[in-house]
Amino acid sequence: MDDTITGTLVWYYYICPRETWLMAHQIFPDQDDENMAIGRAIGENAYKREKKEIDLGLAKLDLIRHENGVLVVGEIKKTSRFLDSATHQLLFYLLQMKDMGITARGELLIPEEKKRFKVELDPEKEAEIRKVIEDIEDLVEEPLPPPAQKIKYCRQCAYSEFCWS
């Protein structure tokens, strides 16, 4: 597995390949973007009693706990709007842990909506994530980002100035 592919890149890949390329090339979005600030605040203030922000190198886990003898990795999100990309990000983290010999299950946590989604890494999902990692590696090796494409997420995107200015 390429040691430059991160869970954040996997998340962006499921939203917009152009964002993925920009992030991989150290071109970062507007850090003052309101949505990013809200997301940071939720991550810092939700689930305070649980262990938080565990750094595994390519994976920064929002929280980790034991539940009935099982290691549970939690990923905190502001909204369920990006549920598919968040699920794949968490699957990437579970794969990273599996490759380190650690068995865990995942849980997506959306405190503002009081929602929890269980995430399990099965063989089919593992194969999908490994393929996505290869696809991202190919994407970021390109000399230029993919062309901008208008999608439903563009309106609130912190990267919009890189596409539509």
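Taken over the range 126-165, residues that are over 14 Å from residue 18 (Cβ atoms), touching a helix residue (DSSP H, G or I) at 6+ places or on another chain (Cβ under 7 Å) and surrounded by 16 or more Cβ atoms within 10 Å (Cβ to Cβ) amount to 2.
In the range 89-118, the residues that are more than 13 Å from residue 61 (Cα to Cα) and in contact (Cβ under 8 Å) with a residue 12 or more places away in the chain form Cβ pairs under 9 Å with partners that are in a loop (DSSP other than H, G, I, E, B) and small (Gly, Ala, Ser), at six or more places apart or across chains, as follows: 98/104; 111/46; 112/46.
Values in this text are rule-based calculations from the coordinates and carry no lab data. For clarity, every value in this text was computed on a predicted model and none was experimentally measured. Don't worry about glycine lacking a Cβ; one is built from the backbone with ideal geometry, like all the others, and counts go over all protein chains shown.
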